[in-house]
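A short worksheet on the structure shown next.
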Amino acid sequence: MVKGWPGWVGTFTGVVLITVAVLPLAALAVWALARRRSVTGTTPASAWRMSLAEVGIVYGTVPWVWMIMLPGAQAGAVPGRVSLVPLRDLLTILTDGRPLTATVQIVGNLLVFAALGLLAPLRFAALASVPRILALAAGCSALVETAQYVLQLDRVSSVDDVLLNAAGAGLAALASRRWWRPTAEAASDRPRSATAPVR
């Protein structure tokens with residue numbers, strides 16, 4: 001076991017405490033980015049929205065990914081494990097007789113990319129679509145699960161984790177849809193330039 005602060009930050013408690021501790025830095029980053037954008041001519045409302053979305057995506061995603069990448073007790077000593085049968089792990093969790101554990105695991109998986117789903121459509125017009133958010137979150141989740149397997153972190157790389165991660169992002173995108181949908185529709189209704197080629 002690694003002693004001192006390097007070992008401490010590799011724990012669930014350490015991740016939570018560090019996440020809370022850096023909240024003022026995240027707020028400062030939002031302010032600095034918004035101020036810089038305002039100086040370059042961006043309207044204050046747009047500057048704050050874009051800056052808050054960018055920092056929120058990072059601040060709301062990195063701690064969750066960090067937690068699920070924490071090594072297990074036999075990391076490096078056991079080969080990676082894979083579960084590719086959809087819903088098998090989820091049914092096992094739901095029927096193992098520990099409802100609190102099942103709730104924590106399911107809710108935790110739903111939250112991993114929720115910040116991405118909530119804020120990415122507000123920041124990037126190209127992502128202002130629930131199917132695109134689902135695809136992005138599923139791709140990011142698959143990368144994380146692959147990393148768990150390759151790095152032999154003593155964790156199970158499960159397709160159910162990918163499904164739950166993507167579902168959480170999709171639900172979050174639906175929750176913020178009232179704010180990004182008008183912008184996306186306005187962008188799609190914008191007339192093309194007269195010099196643009198007709199396809």
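The values are calculated or read from the model by the stated rules, or taken from the named source; none is laboratory data. From a predicted model like this one, the values you see are computed outputs, not experimental measurements. With ideal geometry, Cβ positions are generated from the backbone for all residues, glycine too; neighbour counts draw on all protein chains shown.
Brief remarks on what is shown
- Only one of the listed residues (Ala137, Ala147, Ala128) is among the hydrophobic types (A, V, I, L, M, F, W, C) and more than 18 Å from Met69 (Cβ to Cβ). That residue is Ala128.
- Residues that are of a type outside the set (A, V, I, L, M, F, W, C), closer than 28 Å to Ser176 by Cβ and assigned to a helix (DSSP H, G or I), drawn from segment 40-99: Pro44, Ser46, Arg49, Ser51, Glu54, Gly56, Tyr59, Gly60, Thr61, Pro63
- Scan segment 11-37 for residues that are hydrophobic (A, V, I, L, M, F, W, C), assigned to a helix (DSSP H, G or I) and surrounded by 13 or more Cβ atoms within 10 Å (Cβ to Cβ) and the total you get is 10.
- Any hit, segment 159-175, residues being buried (at least 20 other Cβ atoms within 10 Å of the Cβ), at pLDDT 95 or above, in contact with an Asp or Glu (Cβ under 6 Å, 6 or more places away or on another chain) and part of a strand (DSSP E or B): no
- Verdict on Ala194 being modelled with pLDDT under 95, of a type outside the set (Phe, Trp, Tyr) and in a loop (DSSP other than H, G, I, E, B): yes
- Here Thr61 meets each of (1) under 17 Å from Gly139 (Cβ atoms); (2) assigned by TED's automatic domain parsing to the domain that holds Ser141 with one exception, condition (2).
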